[in-house]
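Single-structure report; data block below.
The values are calculated or read from the model by the stated rules, or taken from the named source; none is laboratory data. Remember, predicted model here, so these are calculated numbers, not experimental data. Cβ sites come from the backbone with ideal geometry, for glycine too, and all protein chains shown count toward neighbours.
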Amino acid sequence: MDGRYDPVVGLLRGTVLSSSHPVSHPIRESSWYAFGLMMRNGPSDQQRAERILGVILDNQYPAQDGTDHESPWAGSFRRSPDEPLPTEKAVAWKEYDPNWREFIGCEFALTLHVFGSRLPPELRQRLHESIRQAVQGELHNRRLLPSYTNIAIMFGQLLDEDAVYRRDSAMAGIREKWVHDTVAIFRQNQSFMEYNSPTYYGVDLFGLGLWRRYGSTNFMKSSGDDISKRLWLDIATFYSAPMKNLAGPYDRAYGMDMESYVALVGDWIGTVVPRSKAPLPATMTVETPHLADLWFAPTFVFLKATLPDSIGNDFLTLTQPHDLTRRIDSSRSVSARVDRNFLAGGETAHLQRGVDAGSQYHPLAVQWRTSCGQVGTLRISDTPAADVTIEQGQALVSWKDHVTFALHDPCADTLKIDRNSWEAGNMRIQVQTDAVSSSHASDHKDVVIRYERGHFSRLVFTVLR
């Protein structure tokens with residue numbers, strides 16, 4: 001990260017694919033770097049960290065204690081200093097990101113807990129006031145629900161920080177209800193609504209780590225510890241060490257192969273296994289998708305992964321291939337196969353969830369280790385609605401109107417596709433379907449296969465040795 005620091009601006013320089021919103025000088029990611037500098041505490045590290053924190057604070061949108069004229073972005077932060085002030089009709093996640101309240105606010109909170117005594121009093125005061133601004137802006141906005149898992153957990157910590165610092169009993173009451181509601185959702189089925197996300201499970205573990213270390217109530221501390229361990233157990237159950245991937249389905253994912261992009265779960269696992277065993281890209285450049293998520297790693301190293309003893313070496317070896325099922329809530333369930341050279345996962349939701357080109361939701365996720373050593377993938381890329389069940393090496397896919405599958409084979413020029421048979425190197429997929437029509441389009445590594453006027457497909461997978 002040191003090489004990406006811009007002393008003129010006082011922030012890190014962005015990368016081509018820094019995050020979901022590429023920026024010139026990413027403010028959130030610079031807050032992670034500042035914490036890492038304070039951890040390292042080398043010559044001039046603290047001076048640089050203080051400069052970064054000051055620049056970030058200067059780029060917070062002010063909140064006015066929840067007045068009726070509060071803007072939807074109040075208390076959040078610019079994503080980069082050159083980002084223009086949002087206009088009245090600004091769209092969240094395009095012109096601004098409301099979640100920067102929680103991401104940056106929680107990093108400020110951690111910095112205060114760990115290094116507050118080393119910071120100048122004026123800077124400490126500004127950080128506390130920034131957390132208050134983030135809380136006020138979020139409360140006024142009323143957009144957040146406890147089911148928005150990763151942000152809800154972090155917001156619980158911010159409520160706690162503000163209530164304790166200002167000795168505010170009313171805020172403490174808001175915190176109590178929020179934390180209990182967030183935990184209650186998990187307790188229903190031992191699962192979060194943002195289920196099985198290679199990126200956002202990493203944020204969950206961050207927020208829960210703050211709860212267990214710095215929560216001001218016994219309930220926060222014990223819930224943070226217990227849910228962290230249960231989440232790690234679920235991650236380990238879905239994980240194949242030989243594949244270096246989590247089996248799907250993915251409620252939210254930015255990629256299909258953790259060896260091809262930086263996922264925060266990969267960062268976390270990388271803190272407990274040798275680098276060569278971590279589910280991260282083997283080599284990284286500024287072109288690596290979500291490269292900047294790697295910069296969260298110093299925070300994860302400090303918080304430490306709380307792995308249950310029963311996990312053992314699950315992130316180093318796959319002891320036994322297995323099938324599994326989980327219930328997310330009353331209408332959603334998942335099934336998966338975890339093997340040494342093959343992963344498949346599916347989600348059913350009573351045909352109430354669809355997929356489009358920009359979707360992070362993957363109700364079907366299939367990966368296999370190809371003959372050239374890389375990971376091949378299959379997903380649904382477009383459908384009004386689909387349910388997927390994994391059974392005995394098969395995917396049973398129910399869909400409405402039409403469905404499009406996207407298949408990626410990193411081994412060049414091995415794709416052979418027709419209506420009832422797909423061949424991608426060492427992967428053979430037999431297809432049974434009631435679709436009236438089918439079509440496909442491909443280049444040398446990727447193909448999309450579309451079925452129309454039907455409602456069912458059965459995919460039978462065979463990975464050749």
* Index of the failed condition, MET243 passing every other in (1) more than 14 Å from the chain's Cα centre (by Cα); (2) part of a helix (DSSP H, G or I); (3) buried (at least 23 other Cβ atoms within 10 Å of the Cβ) -> (2)
* For segment 213-259, what are the residues that are closer than 27 Å to ASP160 by Cα and of a type in the set (Asp, Glu)? -> ASP225, ASP226
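Quick grid of which residues meet (1) closer than 19 Å to PRO298 by Cβ; (2) assigned by TED's automatic domain parsing to the domain that holds PRO86; (3) at pLDDT 95 or above:
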| site | (1), (2), (3) |
| --- | --- |
| VAL9 | no, yes, yes |
| ARG40 | yes, yes, yes |
| ASP58 | no, yes, yes |
| ASP68 | no, yes, no |
* Structure fact -> Apart from one, (1) part of a helix (DSSP H, G or I); (2) surrounded by fewer than 18 Cβ atoms within 10 Å (Cβ to Cβ) all hold for CYS372; the odd one out is (1)
* From the list PRO81, PRO120, PRO146, pick out the single residue that is free of Cβ contacts under 8 Å to residues at least 40 places away in the same chain and either over 29 Å from ASP6 (Cβ atoms) or out of contact with any Ser or Thr (no Cβ under 6 Å at 6 or more places or on another chain) (or both). => PRO146
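Rundown of residues vs (1) surrounded by 14 or more Cβ atoms within 10 Å (Cβ to Cβ); (2) in contact with a strand residue (DSSP E or B) (Cβ under 9 Å, 6 or more places away or on another chain); (3) not charged (D, E, K, R), yes/no style:
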{"position": "ARG275", "(1), (2), (3)": "no, no, no"}
{"position": "PRO279", "(1), (2), (3)": "yes, yes, yes"}
{"position": "LEU294", "(1), (2), (3)": "yes, no, yes"}
{"position": "SER310", "(1), (2), (3)": "no, no, yes"}
{"position": "ASP329", "(1), (2), (3)": "yes, no, no"}
{"position": "GLY346", "(1), (2), (3)": "yes, yes, yes"}
{"position": "GLY358", "(1), (2), (3)": "no, no, yes"}
{"position": "TRP368", "(1), (2), (3)": "yes, yes, yes"}
* List the strands (runs of 3 or more DSSP E) that sit entirely inside segment 382-426 and contain at least 3 residues that are among the basic types (Lys, Arg), without any contact (Cβ under 8 Å) to a residue 24 or more places away in the chain and over 20 Å from SER335 (Cα atoms). => none
* The lone exception for VAL262 - which of (1) under 12 Å from the mean Cα position of the chain (by Cα); (2) in a helix (DSSP H, G or I); (3) of a type in the set (A, V, I, L, M) it fails -> (2)
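Per-residue answers, yes or no, for (1) free of Cβ contacts under 8 Å to residues at least 60 places away in the same chain; (2) touching a Leu at 6+ places or on another chain (Cβ under 9 Å):
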site	(1), (2)
GLY207	no, no
ARG213	no, yes
SER222	yes, no
ILE227	yes, yes
ALA236	no, yes
ASN245	no, yes
GLY255	yes, no
TRP268	no, yes
VAL273	yes, yes
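Conditions (1) among the polar types (S, T, N, Q); (2) surrounded by fewer than 21 Cβ atoms within 10 Å (Cβ to Cβ); (3) out of contact with any strand residue (DSSP E or B) (no Cβ under 7 Å at 6 or more places or on another chain); (4) in the same structural domain as TYR261 (by TED's automatic domain parsing), marked per residue:
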{"site": "LEU159", "(1), (2), (3), (4)": "no, no, yes, yes"}
{"site": "ASP162", "(1), (2), (3), (4)": "no, no, yes, yes"}
{"site": "ALA170", "(1), (2), (3), (4)": "no, yes, yes, yes"}
{"site": "GLU176", "(1), (2), (3), (4)": "no, yes, yes, yes"}
{"site": "SER191", "(1), (2), (3), (4)": "yes, no, no, yes"}
{"site": "PRO198", "(1), (2), (3), (4)": "no, no, no, yes"}
* Which of the residues spanning segment 134-157 are surrounded by 24 or more Cβ atoms within 10 Å (Cβ to Cβ) and of a type outside the set (A, V, I, L, M)? -> GLY137, GLU138, THR149, ASN150, PHE155, GLY156, GLN157
* What number of residues within segment 375-405 are surrounded by fewer than 20 Cβ atoms within 10 Å (Cβ to Cβ) and either touching a Cys at 6+ places or on another chain (Cβ under 8 Å) or within 18 Å of TYR254 (Cβ to Cβ) (or both)? -> 2
